[in-house]
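**Student:** Please see the structure below; I have some questions.
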Amino acid sequence: MKSGSNLEKILTSGQFAFTGELGPPRGANVEHVREKAKPLVGHVDMVNITDNQTAMVRMSSWAAALIAIEEGLEPNYQMVCRDRNRLAMQADILGAYALGIRNILCLSGDHMQFGDHPHAKGVFDIDSIQLIGMVKKMRDEGKFLGGADIDVPPKLFIGGAANPFAEPFEWRVHRLAKKIKAGVDFIQTQCVFNMVKMREWIKRANDMGLTEKVYILAGVTPMKSLGMARYMKLKVPGMDVPDDIIKRLQGVDKKLQSDEGIKIACEQIEEFKQMKGVAGVHLMAIEWEHMVPEIAERAKVLPRPKV
């Protein structure tokens, strides 16, 4: 499938991908998006534009994605099932493709109770696996979900998410298999801190032959501080932060904790480069975009390939 996506070209050429993330602002501040975009240019192959992340209202993903394109980035347009029905989703997919977006990430979305509108009605007309299937049908068959023809199909590179740590752990690899069957092209995992579980999940995916059918990008988030590590361990749903990470950050001076966090992230990236079944890394430097050039340098993933 040729989508015109830079990420697709890098992955199909067998090179190790390195992607980033950009959270849109809590307002209509275009300059805010441009400022966040600048340090990412030339350092990542593609950048995720989040969609009302943590169920908090933000500038729409497609709008921030268009600003990112203007700044020289390739966006990964996130779409969550929480906020739209299938009509709105299909309309937004066509609009995004028409305006130059070439990657989409299909997600369920964080539950409303975590955000600033806990009483909002969750739509969930279709789930993330059905959304993947819908985008594939639109792209490959040129058909809407209702069966009607599409005049110009949206040739998008289709992404999905995976959480290798959620319980029941045994089921996680089977959920990955379902997303592959639905038509996903690439997978980005939740932030990885528990490397033991990650190794086991990838081993199972390799054993089932799944890694030959999909490109897996391992999620990496550098810890800024001991406080952030504790918060992620206790408060963030779906996160698995082992005690040894907490202890390692506890063992350094407060001023050096962010540097230690970057060290841990670089060690993980080094291991992922060698890990069978991992095609790249998705760096989620949460509200730390300005540090991405340094992290990319220290992780030895520069210069990024031109394809």
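Readers should treat all values here as calculations from the given coordinates under stated rules, not as data from a laboratory. As the structure is a prediction and not an experimental result, all values here were calculated from the model. Neighbour counts are summed over all protein chains in view; Cβ atoms, including those assigned to glycine, are modelled from backbone coordinates with ideal geometry.
**Student:** Order the peptides 180-189, 160-169 from the highest to the lowest mean number of other Cβ atoms within 10 Å of their residues. Before the final figure, lay out the partial values.
**Tutor:** Details: 180-189: 22.3, 160-169: 17.9.
So the order, starting with the most tightly packed, is 180-189, 160-169.
**Student:** Right, another one. Asp116 to Tyr231: FRET efficiency via 1/(1 + (r/R0)^6), r the Cβ-Cβ distance, R0 30 Å, to the nearest 0.05?
**Tutor:** On the way: r = 18 Å, r/R0 = 0.60.
Result of the calculation: an efficiency of 0.95.
**Student:** Under Stokes-Einstein, with the Kirkwood radius over Cα pairs standing in for Rh, what whole-number D in µm²/s applies to the chain at 4 °C and 1.567 mPa s?
**Tutor:** Details: Rh = 19.7 Å.
For these conditions, the coefficient is 66 µm²/s.
**Student:** Still on this model: What pairs from Lys36/Lys255; Lys2/Lys213; Lys2/Lys143; Lys178/Lys213 go past 22 Å between their alpha carbons?
**Tutor:** Those over the limit are Lys36/Lys255.
**Student:** I'm a student and want to see the number: the projected area of the Cα convex hull of segment 44-131, averaged over all directions, in nm². Intermediate values should be presented prior to the final figure.
**Tutor:** Values: hull surface 22.5 nm².
Approximately 5.6 nm², given one-decimal rounding.
**Student:** Okay, next question. Using each residue's phi in segment 186-192, evaluate 6.51 cos²θ - 1.76 cosθ + 1.60 at θ = phi - 60° and report the 3J(HN,Hα) Karplus result to the nearest Hz, with x for Gly and Pro.
**Tutor:** For segment 186-192, the Karplus-derived couplings read 9, 10, 10, 8, 4, 3, 9 Hz, x marking Gly and Pro.
**Student:** Between segment 195-264 and segment 268-307, what is the separation of their alpha carbon centroids in Å?
**Tutor:** 14 Å
**Student:** Between Lys2 and Glu212, what is the label-to-label distance in nm when each label sits 7 Å out along the Cα-to-Cβ direction?
**Tutor:** With each label point 7 Å from Cα toward Cβ, the separation is 2.6 nm.
**Student:** Just check segment 207-307 against the gyration tensor rule for me: Cα atoms, a ≥ b ≥ c as the square roots of the eigenvalues, rounded for a/c under 1.5, and otherwise prolate or oblate depending on whether a/b exceeds b/c. Walk me through the numbers before you get to the answer.
**Tutor:** Working: a/c = 2.13, a/b = 1.40, b/c = 1.52.
It is oblate, given that a/c is not under 1.5 and a/b is not larger than b/c.
**Student:** Can I ask one more? Kindly work out what percent of the DSSP beta bridges joining two residues of segment 6-298 are antiparallel, to the nearest 5. Display every interim value, and only then the final one.
**Tutor:** Details: 1 of 30 bridges.
Restricted to segment 6-298, the bridges split so that about 5 percent are antiparallel.
**Student:** Nothing charged except the Cβ atoms of Lys and Arg (+1) and of Asp and Glu (-1): what's the magnitude of the dipole of segment 6-298 about its Cα centre? Round to the nearest 20 debye.
**Tutor:** So the magnitude is around 560 debye.
**Student:** I've got another one for you. Rounded to the nearest 500, what is the 222 nm mean residue ellipticity of the chain from helices alone, with -39500 (n - 2.57) per DSSP H run of 4+ residues and division by all residues?
**Tutor:** After summing the helix terms and dividing by the residues of the chain, the value is -11500 deg cm²/dmol.
**Student:** Then there's this: Please give every one of the aspartates and glutamates within straight-line cross-link reach of Lys263, meaning a C-alpha to C-alpha distance under 19 Å, and leave out same-chain neighbours fewer than 8 residues apart.
**Tutor:** Asp240, Asp243, Asp244, Asp253, Glu271, Glu287, Glu289, Glu294, Glu297
**Student:** Something else now. Tell me the relative contact order for the chain as a rounded percent, counting alpha carbon contacts under 8 Å between residues six or more apart.
**Tutor:** Numbers: 572 pairs, mean separation 60.2, N = 307.
With pairs under 8 Å counted, the relative contact order is 20 percent.
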